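The structure appears below as structure tokens.
The values are calculated or read from the model by the stated rules, or taken from the named source; none is laboratory data. Because the structure is predicted, anything quoted here is derived from the model rather than measured. No Cβ is skipped: glycine too gets one built from the backbone with ideal geometry, and neighbour counts run over all protein chains shown.
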Amino acid sequence: MSDLTHLTISEARAKLRGKEITAAEITEAYLAAIDRANPVLNAYVTVTADKARDMAKASDARLATGEGGALEGIPLGIKDLFATEGIHTQACSHVLDGFKPHYESTVTSNLWADGAVMLGKLNMDEFAMGSSNETSYYGPVINPWRRSRVDTVVMPTTHQGDGGFVPAGGTKTARTLDNAQLVPGGSSGGSASSVAAFLCAGATATDTGGSIRQPAALTGTVGIKPTYGRCSRWGIVAFASSLDQAGPIARDVRDAAILLKSMASVDPKDTTSVDRPVPDYEAAIGKPIKGMKVGIPKEYRVDGMPEDIESLWQKGIAWLKDAGAEIVDISLPHTKYALPAYYIVAPAEASSNLARYDGVRYGLRVPGKDIVDMYEKTRAAGFGREVKRRIMIGTYVLSAGYYDAYYLQAQKVRTLIKRDFENVFAAGVDVILTPATPSAAFGIADEDMASDPVKMYLNDIFTVTVNMAGLPGISVPAGLDGKGLPLGLQLIGRPFDEETLFQTANVIEQAAGRFQPEKWW
């Protein structure tokens, strides 16, 4: 049954509809895989085995009558930021201890309406604040990928090896995995790790400054952050309301398209959701890109960028050119201001959104001598170090005397960043190609990152502009670095033109091939 977990969503969908397998069988295969691997990878914070079996049973009943939705019987993992009725929803924070909502997020409601099966809630950076999934109250998620080393051995005598006959004096290469644990990226690290390790067929995720695309790139998975307003934010624990957007992480481009089709919708409960039809994203896959204009922004060539990243970028350019696309150099001049502006806007909105966690109505409560003392003790005990840091930054930039100097200036920069993209697209560019991350996955508790939060923030250098401008962006696995770790390329599109992203991403995927980690867990 373990082979069932290696089916893509599109493959599993066909087998379920063809009655070659049952929803119960594939669900049990995933539950068994989680049982074996989760103690090592820490991707799930809650496994809803009984609920999954009930949902699978209901899916099989519908499939038996020839009915069933677009995701009927497909087992998914849900990021702990999405409200799930009666089930652990804590944004992986101590301050929300014991919280089980009496409502369901719109995105997950859409998935269940289409027949998906919930396997459990996935680990994440606390309140989605982080780039490595190390800030979770439940501990870090482990990346299923590991660095590898290739050694060349000179054979002293005739030897019959795994690769066949090796003559005396000949050479043989041996590949070994490093034992060092790596981060899966964040904040959606549990989503990315569980998809890469075959612990769910696909997963929900959220992206505020790169939290879908960055972990997807570091785990060899596909992650799309749709246009702001494409998916409802209702029932998703808020970090920065003008930046947050839900999207899927999947094993390939087609699966990401299938998931986004179900997740996206207008929602009267979310006034920022946009009332426009949701296209059949899957239909865009396989369409030719001949004549399409692909923009290459010069500002994304940053100082100190590893050769592996630059080489991958050039490969991506060549693949798209070979497919008939026209490659054009473009400029996005305000890109250099995006990261500092983001780290003013996002903490400011976070400090406002997180003010509601006070120990009065739900979650953790630490008793105090009066209500103010209770507020202070609860928040001090309930929030982790990174969340406290961002709340303090946000409160500072919103305070009297600093609001005009920092927050308003950051919003002006945001307008300029948006205008840069508008000018490029108005000039006829269809899609923009950039690296997804400045490096491959780094180590758990990396000393440089731990000692300097700014270095951690720089992991979002290629992704934050998309959120600041409200645009769609997708990360596609495109190769491996010199140590055998996955690297991703990012495509950025026009507002609500996710179809072109899927169309173009498929070309990169077909040229690069598929990547999966060597199993060690």
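If you go through segment 208-235 and keep only what is closer than 24 Å to PRO517 by Cα and charged (D, E, K, R), you end up with ARG213, LYS225.
Is at least one residue of segment 81-100 in contact with a Lys or Arg (Cβ under 7 Å, 6 or more places away or on another chain), in the same structural domain as GLY229 (by TED's automatic domain parsing), in contact (Cβ under 8 Å) with a residue 24 or more places away in the chain and over 25 Å from TYR137 (Cα atoms)? Looking through segment 81-100, none of the residues is in contact with a Lys or Arg (Cβ under 7 Å, 6 or more places away or on another chain), in the same structural domain as GLY229 (by TED's automatic domain parsing), in contact (Cβ under 8 Å) with a residue 24 or more places away in the chain and over 25 Å from TYR137 (Cα atoms).
Comparison of LEU312, LEU260 shows that the only residue that is in contact with a helix residue (DSSP H, G or I) (Cβ under 7 Å, 6 or more places away or on another chain), among the hydrophobic types (A, V, I, L, M, F, W, C) and buried (at least 18 other Cβ atoms within 10 Å of the Cβ) is LEU260. So for segment 333-345 (the condition being of a type outside the set (Ser, Thr, Tyr), in the same structural domain as ASN459 (by TED's automatic domain parsing), crowded, with 20+ Cβ neighbours inside 10 Å and over 30 Å from SER93 (Cβ atoms)), does at least one residue qualify? So far as segment 333-345 goes, yes, one or more of its residues are of a type outside the set (Ser, Thr, Tyr), in the same structural domain as ASN459 (by TED's automatic domain parsing), crowded, with 20+ Cβ neighbours inside 10 Å and over 30 Å from SER93 (Cβ atoms).
Which of the strands (runs of 3 or more DSSP E) found entirely inside segment 176-275 contain at least 2 residues meeting this: of a type in the set (Gly, Ala, Ser) and not assigned by TED's automatic domain parsing to the domain that holds SER352? Steps first, answer last, please.
Values: elements: 202-207, 222-225, 245-250.
Result: 202-207, 245-250.
When segment 253-298 is examined, which residues are found to be of a type in the set (D, E, K, R) and over 24 Å from the mean Cα position of the chain (by Cα)?
Matches in segment 253-298: LYS269, ASP275, ARG276, LYS287, LYS290, LYS293, LYS298.
Quick check: is even one residue across segment 147-168 in a loop (DSSP other than H, G, I, E, B) and at pLDDT 90 or above? Looking for residues that are in a loop (DSSP other than H, G, I, E, B) and at pLDDT 90 or above, one finds at least one in segment 147-168, hence yes. Residues considered: ILE344, ILE289, ILE327. Of these, the only one that is assigned to a strand (DSSP E or B), among the aliphatic types (A, V, I, L, M) and touching a helix residue (DSSP H, G or I) at 6+ places or on another chain (Cβ under 7 Å) is ILE327.
The helices (runs of 4 or more DSSP H) falling completely within segment 365-467 that include 1 or more residues that are acidic (Asp, Glu) and either surrounded by 14 or more Cβ atoms within 10 Å (Cβ to Cβ) or at pLDDT 95 or above (or both) map to 371-382, 385-398, 408-426.
Matching residues to (1) within 18 Å of the chain's Cα centre (by Cα); (2) on the phi < 0 side of the Ramachandran plot; (3) crowded, with 21+ Cβ neighbours inside 10 Å:
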| position | (1), (2), (3) |
| --- | --- |
| ASN42 | yes, no, no |
| ARG53 | no, yes, no |
| LYS57 | no, yes, no |
| THR65 | no, yes, no |
| ILE74 | no, yes, yes |
| ILE78 | yes, yes, yes |
| PHE82 | yes, yes, yes |
| ALA91 | yes, no, yes |
